[in-house]
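What follows draws every value from the coordinates through simple rules; no lab data is involved. Here the structure is a predicted model, which is why all the values come from computation and not from measurement. When we count neighbours, we look across all protein chains shown, and the Cβ atoms used for this are built from the backbone with ideal geometry, even at glycine.
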Amino acid sequence: MKFTVDITREHYFAYNKYVVNKLKQEINKRKAIILLSNIFWLLIFLYLFSLYREFTNICQSNLKYVTVSFIVLCTLIIVYYVYSKFHYNYFIESSVKDNGDTLGKMEVELTETGLYTRKPQAQTFYLWTAFNRIDSGDCCYYLIIENTKAIILPKNQINKETLKEINKLLGVEDF
């Protein structure tokens, strides 16, 4: 079965929104682990700080070095937090940029072995086992290959028979 879809900026932006939301969900799952890790390091620092304080009390030294080390640690934690926020935003931006091959008309051919996509500048073939799942967004269906890679199929350009055929070839129930 062959059909043609026309991917517009609206469809591509809908896919970008879908990817960003999925990435945020995955990153939020990892935030708990990062938080626990940071708490662990904070507890170790507090323990070492209390040991050092006891040492300074015994030796009757002044606490100037302890204060400086505490300020340095706080500065490092703030720098790490700001860096992780910038890194996260850069990762999201770089994950959803269009390389120029996404937009425009694309011919899609469904076969028993896989899916062909043809554009003027490229032709690709995917075995059905390459697809993780089919998902739906606001205005498109997405044949998910990886976290940030999918075949975009606009809902207004796909009829129910084509969708049933895709589901059958993917081996999933009606979507």
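Please rank Lys119, Lys24, fewest neighbouring Cβ atoms within 10 Å first, as an exposure proxy.
Fewest-to-most Cβ neighbours within 10 Å comes out as Lys24, Lys119.
Among 105-113, 35-43, 13-21, sorting by the average number of other beta carbon atoms lying within 10 angstrom of each residue, highest first, gives 13-21, 105-113, 35-43. The average projected area of the range 104-170, computed from the convex hull of its Cα atoms over all directions, is 4.6 nm². Cross-link pairs exceeding 21 Å between alpha carbons, from the set Lys2/Lys119; Lys22/Lys119; Lys2/Lys164; Lys17/Lys168; Lys17/Lys119; Lys2/Lys155: Lys22/Lys119; Lys17/Lys168; Lys17/Lys119.
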